[in-house]
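What follows is a short report on a single structure.
The values are calculated or read from the model by the stated rules, or taken from the named source; none is laboratory data. Note that this is a predicted model, so its numbers are computed, not measured. Methodologically, a virtual Cβ is constructed for each residue, glycine included, from the backbone with ideal geometry; neighbour enumeration extends over all protein chains shown.
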Amino acid sequence: MGREFLDIFTDWSSDYDDFVEGNDPEYKAVFEGYSNILKEIVRRSGTSVLEFGIGTGNLTKQLLSSGKWVFPIEPSKEMRKLAKKKLPSEVIIYDGDLQNYPNPTKKLDTIVSSYVFHHLTDTEKGMALKKYANQLEMGGKVIFADTMFESQEALNQKIIQAKEQQFYALADDLEREYYTLVPTLLTLFDLAGFNVSIEQMNEYVWIIEGEKRA
Ligand SMILES: C[S@@+](CC[C@H](N)C(=O)[O-])C[C@H]1O[C@@H](n2cnc3c(N)ncnc32)[C@H](O)[C@@H]1O
């Protein structure tokens, strides 16, 4: 499991950047402040970064421009092709996912992703976080930006609102994928051995940051 939503990205890849630029009314609020969200991940990151689900490479590009070493991972062939065009030719984009990925070729101090972690169920998220903790030294960070909700009620309300606005693709997405509740994610980070903090970036997206404890 974990790769069950890949076909969606095969279809979405060619116009994905239009969405992040806010040109699709259904996803405008989800991608509100996208560029700032990526900047904030870069600001919080160390110098040696593994990135999951790079998509078209927008965050990767910013990390590299800030002088960081990046180990980029993306399971969709179509997305890898698009990202390749945006990134310096020497950058290798690895086929892998949040659970199964090649061993980084350098020691990591940070693991990042944007709009990706909800592809795992909560059980899978917990297991993956323990794996990330094993890969980091004390003080190493996991920084994930993703759609999440304060409560089940808040998620249900967003689904109702999307249907009322006739945003049926967004409503389907919110019902289909594994969007986490904030308290659950805080607990999963804690159980995996991270001190954790969280900040809301727009109506949908939060940045969760875990720092590995001793
Ligand atoms: C919404 S896009 C986000 C892309 C990029 N991170 C961004 O912020 O624009 C989600 C990306 O996650 C990838 N993806 C889907 N399932 C995944 C998994 N299990 N592990 C890692 N990446 C996955 C998709 O192929 C897609 O590129």
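Just a yes or no: is a residue in segment 56-65 within 12 Å of the ligand (Cβ to nearest atom), surrounded by 14 or more Cβ atoms within 10 Å (Cβ to Cβ), without any contact (Cβ under 8 Å) to a residue 40 or more places away in the chain and within 26 Å of Lys212 (Cβ to Cβ)? Give the derivation first.
Let us first name the residues in segment 56-65 that are within 12 Å of the ligand (Cβ to nearest atom), namely 56-63.
Then drop every residue that is not surrounded by 14 or more Cβ atoms within 10 Å (Cβ to Cβ), which leaves 56-63.
Next, only the ones that are without any contact (Cβ under 8 Å) to a residue 40 or more places away in the chain stay: 57, 60-62.
Still in the running and within 26 Å of Lys212 (Cβ to Cβ): 60, 62.
Yes: one or more hits.
Residues that are among the aromatic types (Phe, Trp, Tyr) and in contact with a Leu (Cβ under 7 Å, 6 or more places away or on another chain) do occur in segment 65-86, at least one of them.
Every listed requirement among (1) modelled with pLDDT of 95 or more; (2) closer than 25 Å to Thr110 by Cα is met by Lys28 save one, (2).
Test Glu32 against the stated conditions and say whether it is among the charged types (D, E, K, R) and not in a helix (DSSP H, G or I). Against the criterion (among the charged types (D, E, K, R) and not in a helix (DSSP H, G or I)), Glu32 qualifies. Taken together, the criteria exclude Ser14 from residues that are under 27 Å from Leu129 (Cα atoms), out of contact with any Pro (no Cβ under 6 Å at 6 or more places or on another chain) and more than 9 Å from the ligand (Cβ to nearest atom). Residues in segment 150-168 that are surrounded by 12 or more Cβ atoms within 10 Å (Cβ to Cβ) and within 25 Å of Leu6 (Cβ to Cβ): Leu155, Lys158, Ile159, Ala162, Phe167. No other residue among Phe19, Phe5, Phe9 is at pLDDT below 95, of a type in the set (Phe, Trp, Tyr) and under 20 Å from Gln165 (Cβ atoms) apart from Phe19. Every listed requirement among (1) over 28 Å from Asp122 (Cβ atoms); (2) touching a Ser or Thr at 6+ places or on another chain (Cβ under 6 Å); (3) not charged (D, E, K, R) is met by Tyr16 save one, (1).
For the subset of segment 80-94 comprising residues that are more than 14 Å from Glu51 (Cβ to Cβ) and in contact with a helix residue (DSSP H, G or I) (Cβ under 9 Å, 6 or more places away or on another chain), which member is nearest to the ligand (Cβ to nearest atom)? Steps first, answer last, please.
Filtering segment 80-94 for residues more than 14 Å from Glu51 (Cβ to Cβ) gives 81-82, 84-85, 88-90.
Applying the additional criterion that residues be in contact with a helix residue (DSSP H, G or I) (Cβ under 9 Å, 6 or more places away or on another chain) yields 81-82, 88.
Numbers: Lys81: 11, Leu82: 9, Pro88: 18 Å.
Among those residues, the one meeting the criterion is Leu82.
Considered as a group, the residues in segment 25-55 that are under 17 Å from Tyr132 (Cβ atoms) and of a type in the set (Ser, Thr, Tyr) include one that is surrounded by the fewest Cβ atoms within 10 Å (Cβ to Cβ), and that residue is Ser48.
Considering each residue of segment 95-110, count those that are within 10 Å of the ligand (Cβ to nearest atom) and touching a strand residue (DSSP E or B) at 6+ places or on another chain (Cβ under 6 Å), and give that number. The total comes to 3.
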